[in-house]
Amino acid sequence: MARIGTVGYLNARPLSDEIDVDRHTLVLANPAEVARMLRAREVDVALVPVAAALSDDEYRVVPGHCIGADGPVASVLLVAETPPEQWTTVVLDGVSRTSVVLARLMLTRGPLAQRVRPDLVIEDGEPNSGLRRAKKTTAALVIGDAARELPERLTTRLDLALLWKSWTGLPFVFAVWAGRPELPSSVVADLKEAGAAGVARITRKYAGDDLAYLTRNLRYPLDDAALSGLRRFGALAHEAGLVPRADVELYGPPSRRLERPDTDAMLERALNGSGLPHADVVALLRQGSVAELAAAADLKRRESWPGTQVPYATSPVEGEGHARVAVGEGTEEELAARLLSLRDQPGLSSVTLVTVDVDGPYASAPNTASDLLRAVAVARLVLPGTVRLRASPATEGLGMTQASLRSGCDHAGSLDGVDPAALEHHLRAAGFEPVLEA
């Protein structure tokens, strides 16, 4: 469950109406108060003015939706009884920091800078004080639902979103969902889903002037165009010293972590002589990293068979002292049991691992090259160092023979139809010195 701060304005309702209140707690306040609650950690995530999102390096923005406009928004206005050329004071209603920053940009750098007096006084006002202060040559910023119900005396009504559009050619983003990096990805997903559902239901849920406002004046997608407008605003406001950050960072997709066995501990036990139990062998066969297994197996191989000399034979080895293990014929549990049975088999002198073809669809059995290398490495870690682990160039190919010798094998296997010169070439290319077994 998360504490979610939002505002009660009509423009915010499509983003918050569909939030599951059985799972999350909604806290309503004006935009400035919601931003304060997020800053004070009284809520976990909040629908805040963009300027508030640009105020803290920790904040991340939920992708998907925002409160924005691509032209006149009708709810963020500079109003007065007189035209801008006559204004002596502008009161910036402190209910929304973004609107305050946007108004300052318009008055000092944007389209209004050439229309107002050079000695114009721009002052910050108390929240919801705009309408009361807007008299004679004093103009004021008015936002939200109050801006849609203005008294007739306020004949000058300048829409800041329209001014922004004419100045930059970009949409404007007024508010976004923002939180800190530790916000659970499930909450981010809930807000994205709620926003998508709420926006999709606007035409079925609202009517009359409200419907016209929500569909004609507001723009909800936080898409590339909106992000471009947001970032342009951040850059201009930062350059003017009005916000500490020039850009925002979005929450990324949820990380996907695969459950992985503690192979480091298993490999350490195998290398120090401790016998691996069946469950560990299964885990290594199923999920162990081929590279890590091969490195550990090669260390163990060199303890018993140091140097670079690798023997090969002219004919397949047979007899009671040799075992052939099929990889892909059964499950990892069955393969683990087979290897553990060989560990305790008296008189065992050598083992060859080979892959087998099985009936069934492609990839229905663990008999790939990676499966074989994993099995070879695990066999080296399980079996006594005195047992020779033979490759099988005749069935697996010369390339797999090279790889097997770097994954725990200490014998190149038998020729059995393989060109001796080709085998020796591959062994030397892998850094081994081939030696024909007597």
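The values are calculated or read from the model by the stated rules, or taken from the named source; none is laboratory data. Computed from a predicted model, the values in this text were never measured in an experiment. Don't worry about glycine lacking a Cβ; one is built from the backbone with ideal geometry, like all the others, and counts go over all protein chains shown.
Residue under question is VAL116, and the condition is that it be assigned to a loop (DSSP other than H, G, I, E, B), surrounded by 22 or more Cβ atoms within 10 Å (Cβ to Cβ) and in the same structural domain as LEU154 (by TED's automatic domain parsing); does it hold?
No, not satisfied.
Which one is modelled with the highest pLDDT among residues in the range 305-335 that are among the polar types (S, T, N, Q) and in contact with a strand residue (DSSP E or B) (Cβ under 9 Å, 6 or more places away or on another chain)?
The residue in question is GLN309.
Please name all residue pairs, on different chains or six or more residues apart, with Cβ atoms under 6 Å, provided the first residue is in the range 55-76 and is on the phi < 0 side of the Ramachandran plot and the second residue is of a type in the set (Asp, Glu) and assigned to a loop (DSSP other than H, G, I, E, B).
Close Cβ pairs (under 6 Å, with a partner that is of a type in the set (Asp, Glu) and assigned to a loop (DSSP other than H, G, I, E, B)) amount to ARG60/GLU249.
Could you tell me how many of the residues in the range 200-231 are in a helix (DSSP H, G or I) and surrounded by 18 or more Cβ atoms within 10 Å (Cβ to Cβ)?
7
In contact with a Leu (Cβ under 9 Å, 6 or more places away or on another chain) and surrounded by 23 or more Cβ atoms within 10 Å (Cβ to Cβ): does that describe LEU141?
So LEU141 passes the test.
Looking for whichever is within 25 Å of PRO181 (Cα to Cα) and among the β-branched types (Val, Ile, Thr) here; the options are VAL243, VAL310, VAL281. Which one fits?
Result: VAL243 is the single residue among VAL243, VAL310, VAL281 that is within 25 Å of PRO181 (Cα to Cα) and among the β-branched types (Val, Ile, Thr).
Do you know which of the residues in the range 304-334 that are part of a helix (DSSP H, G or I) and either outside the structural domain of ALA283 (by TED's automatic domain parsing) or out of contact with any Asp or Glu (no Cβ under 8 Å at 6 or more places or on another chain) (or both) is nearest to SER407 (Cα to Cα)?
Result: GLU332.
So which helices (runs of 4 or more DSSP H) stay within the range 341-424 end to end and still have 2 or more residues that are surrounded by fewer than 23 Cβ atoms within 10 Å (Cβ to Cβ), outside the structural domain of VAL325 (by TED's automatic domain parsing) and in contact (Cβ under 8 Å) with a residue 24 or more places away in the chain?
Because the criterion is at least 2 residues that are surrounded by fewer than 23 Cβ atoms within 10 Å (Cβ to Cβ), outside the structural domain of VAL325 (by TED's automatic domain parsing) and in contact (Cβ under 8 Å) with a residue 24 or more places away in the chain, no helices (runs of 4 or more DSSP H) in the range 341-424 meet it.
What residue, among those in the range 87-132 that are charged (D, E, K, R) and without any contact (Cβ under 8 Å) to a residue 60 or more places away in the chain, is nearest to TRP164 (Cα to Cα)?
ARG115
VAL116 - would you say it is in contact with a Phe, Trp or Tyr (Cβ under 8 Å, 6 or more places away or on another chain) and more than 26 Å from ALA53 (Cα to Cα)?
For VAL116, the condition - in contact with a Phe, Trp or Tyr (Cβ under 8 Å, 6 or more places away or on another chain) and more than 26 Å from ALA53 (Cα to Cα) - is met.
Mind telling me which of the residues ARG104, ARG133 ends up being more than 46 Å from the chain's Cα centre (by Cα), buried (at least 18 other Cβ atoms within 10 Å of the Cβ) and not assigned by TED's automatic domain parsing to the domain that holds PRO49?
Checking each option against the conditions leaves just ARG133.
If the requirement is being among the hydroxyl-bearing types (Ser, Thr, Tyr) and modelled with pLDDT under 90, which of these qualifies: TYR59, TYR9?
Of the residues listed, the single one that is among the hydroxyl-bearing types (Ser, Thr, Tyr) and modelled with pLDDT under 90 is TYR9.
When you go through (1) modelled with pLDDT under 95; (2) surrounded by fewer than 23 Cβ atoms within 10 Å (Cβ to Cβ); (3) part of a loop (DSSP other than H, G, I, E, B) one by one for VAL95, which number turns out not to apply?
(2)
May I ask you to list the residues in the range 293-336 that are more than 21 Å from HIS426 (Cβ to Cβ) and touching a His at 6+ places or on another chain (Cβ under 9 Å)?
Across the range 293-336, the qualifying residues are GLU333, ALA336.
State all residues of the range 175-189 that are modelled with pLDDT under 95 and more than 15 Å from the chain's Cα centre (by Cα); if no residue qualifies, say none.
Selection gives ALA175 alone.
Can you tell me which residues in the range 13-35 are touching a helix residue (DSSP H, G or I) at 6+ places or on another chain (Cβ under 9 Å) and in a helix (DSSP H, G or I)?
Listed by number, the residues that qualify are ARG13, PRO14, LEU15, SER16, PRO31, ALA32, VAL34, ALA35.
Please count how many residues of the range 280-330 are farther than 19 Å from THR352 by Cβ and of a type in the set (Val, Ile, Thr).
3
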